[in-house]
């Protein structure tokens, strides 16, 4: 997954896949070392951050020497959590959906319709601005198209340090 803006480039990918992709022997077979690394990293994702020049300067990174003293992990976690929202808690769709269905206003009903269209990849015929409003509405209700198709029994979030999904008890639903 890639998130690119004029300020930064963030990449999130499965580490095991990267080991397997680049670790072929001369005969095209996987080395034992590559298989072992991939097995150890099963279920783990890697996050990479690349700051553009102006954004790096805002974070105190103007010269190569600045890399020695800059709080690099703190900067990366800020982009992971706040800019990309990769650690936003998700799950418990059933509760969120029941709350939304209990609301009878037309905007919520339309937003649920848009949620279904988005979940199944169907293009609607509404004005793009209206579609954006419906999407904002279902996000505010704590619903996403992916959650609708693959409901979670519990709330989870992606842990920055471990690179794995962890339980997120009591955390607010991401909008």
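The values are calculated or read from the model by the stated rules, or taken from the named source; none is laboratory data. No experiment lies behind these values; they were computed from the predicted model shown. Glycine gets a Cβ as well: all are built from the backbone with ideal geometry, and neighbour counts include every protein chain shown.
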Task: Filtered residues of the range 117-132 (kept if surrounded by 15 or more Cβ atoms within 10 Å (Cβ to Cβ) and closer than 22 Å to residue 88 by Cβ) - done: 118, 119, 131
Open item on the list: Can you tell me which of (1) more than 21 Å from residue 167 (Cα to Cα); (2) modelled with pLDDT under 75; (3) within 19 Å of the chain's Cα centre (by Cα) is the one residue 152 doesn't meet?
Closed with: (1)
Open item on the list: Exactly one condition in (1) under 21 Å from the mean Cα position of the chain (by Cα); (2) modelled with pLDDT of 85 or more; (3) surrounded by fewer than 18 Cβ atoms within 10 Å (Cβ to Cβ) is false for residue 140; which is it?
Closed with: (2)
Open item on the list: So for the range 3-16 (the condition being at pLDDT below 85 and either assigned by TED's automatic domain parsing to the domain that holds residue 157 or exposed (fewer than 14 other Cβ atoms within 10 Å of the Cβ) (or both)), does at least one residue qualify?
Closed with: no
